[in-house]
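One structure is given here, and the rest of the page talks about it.
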Amino acid sequence: MLNNAGMNFCTDWRAVPRAFWGAAVALGNFDGVHRGHVHLLQSLKKARPGCAMGVLTFEPHPRSFFRPQDLPFSLMRPDVRAKALAEHGARCVVQADFDESFSHLGPEDFVREVLIEGLHVAHVACGADFAFGHRRQGDVALLERLLVEHGVGVSIVPQLTDASGPVSSSRIRRLLQEGYPDKAAELLGRSWAIVGEVVPGDQRGRLLGFPTANIALGPHIEPARGVYAVWVRLPDGRLVPGVANIGRRPTINDGQESRLEAHLFDIDEDLYGKTLEVSLVSLLREERRFASLDDLKAQIAEDAAQARKVLQSGA
């Protein structure tokens with residue numbers, strides 16, 4: 001399937017278009033498509049500049065498959081990941097269905113059936129910690145040996161690091177959970193965003209004078225609960241400043257799961273059913289309970305004013 005970015009997105013590794021046989025393919029989960037992932041893609045492109053570049057990734061994330069009881073932890077939705085990979089040069093993104101059958105593929109079977117007979121790879125790149133096959137039995141040394149036997153080139157790319165260590169998805173998740181979206185953005189190369197459809201709420205925000213677009217967190221990791229300065233991208237591409245709350249609304253105490261409620265500045269449009277991209281810029285304050293709705297209303301006004309200052313300053 002060809003998307004509007006000119007990239008083929010394929011959910012069946014057995015049905016990769018012939019036009020992309022012989023591609024140089026990067027392997028991994030690519031959650032977040034952060035600077036480390038971009039470094040891997042750039043290294044692959046440098047190794048095989050004459051090949052079309054592809055990516056093999058997995059959905060759901062193996063961790064989610066083996067530990068379904070865990071809370072959602074993804075940095076991005078699969079469709080958003082595919083788009084981001086295309087923006088960094090991937091001509092074909094193959095999203096393998098990580099199910100029971102796939103999880104039982106041995107290392108040799110993974111290489112032969114998926115990489116050689118399915119994708120017909122010409123070259124493969126992965127991080128030094130890449131593991132594959134049933135119970136993660138395969139490491140990069142085995143991957144290289146097996147692929148070389150098939151005449152396929154291999155690039156084992158060291159992790160990109162900074163002064164604090166490797167740039168990784170787990171490090172970005174931790175920063176978001178600790179309330180540092182600005183530091184997470186440095187590792188991502190952009191602000192972290194929650195993408196989702198606007199669903200009807202209880203209209204309480206409108207009654208308080210601050211109508212909000214309500215978005216379920218869905219597969220996204222829940223960042224630190226609180227109030228954020230945000231930029232919101234609308235379906236038509238407009239970028240609108242705003243203020244958003246992420247949490248369970250302790251003042252109202254509705255007992256519902258955490259959600260994102262974004263108040264967009266200076267526009268009043270019907271956004272129900274539309275998909276928004278809400279980028280977290282800065283945590284303004286932690287979530288807390290107020291004695292009354294009037295106190296809450298006053299605080300929201302302060303939050304909105306502070307968010308405007310933060311966004312206008314470019315922080």
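A short reminder: the numbers here are calculations on the coordinates, not readings from a lab. These figures come from a predicted structure and were not determined experimentally. Note: ideal-geometry Cβ built from the backbone for every residue, glycine included; neighbour counts use all protein chains shown.
Sorted ascending by nearby beta carbons within 10 Å, beginning with the fewest, 178, 144 become 178, 144. With a Cα cut-off of under 25 Å and a minimum spacing of 8 residues unless on different chains, the lysine pairs in the chain number 6.
Over region 169-313, the hull volume per residue, using the convex hull of the C-alpha atoms, is 108 Å³. Under a model in which nothing but the beta-carbon of Lys, Arg (+1) and Asp, Glu (-1) is charged, the chain shows a dipole of about 600 debye around its Cα centre. Listed by Cβ neighbour count within 10 Å, with the fewest neighbours leading, 272, 180, 228 appear as 272, 180, 228.
In a simple Cβ point-charge model (Lys, Arg +1; Asp, Glu -1; nothing else charged), region 8-163 has a dipole of about 480 debye relative to its Cα centre.
Between 179, 158, 212, the Cα set farthest toward the positive side of the dipole of region 114-235 (charges on each charged residue's Cβ, about the Cα centre) is that of 212. Angle of helix 140-149 to the longest C-alpha principal axis of the chain, folded into 0 to 90 degrees and rounded to 10: 40°.
Taking only Cα atoms, what is the 0 to 90° angle, nearest 10, from helix 78-87's long axis to the longest principal axis of the chain? Rounded to the nearest ten degrees, it is 70.
Neighbour counts of other C-beta atoms within 10 Å: give me 45, 274 arranged from fewest to most.
Going from least to most buried by this count: 274, 45.
I want the local charge near residue 96. Using Cβ-Cβ distances under 12 Å, sum +1 for each Lys or Arg and -1 for each Asp or Glu among the other residues. Surrounding charge for residue 96 is -4. Temperature 4 °C, viscosity 1.567 mPa s: under these conditions the Stokes-Einstein estimate for region 79-176, based on its Kirkwood radius over C-alpha pairs, is 85 µm² per second. Local charge sum around residue 65 (other residues, Cβ-Cβ under 12 Å, Lys/Arg +1, Asp/Glu -1)? Taking every other residue near residue 65 into account, the sum is -3. Rounded, prolate or oblate, given the Cα gyration tensor of the chain, with a/c below 1.5 counting as rounded? The shape class here is prolate.
Using 0.36 nm per residue and subtracting the Cα-Cα separation, the extra length available between residue 11 and residue 199 on full extension is 64.9 nm.
Work through the residues other than residue 14 whose Cβ is under 10 Å from its Cβ and net out their charges, Lys, Arg +1 and Asp, Glu -1.
-3
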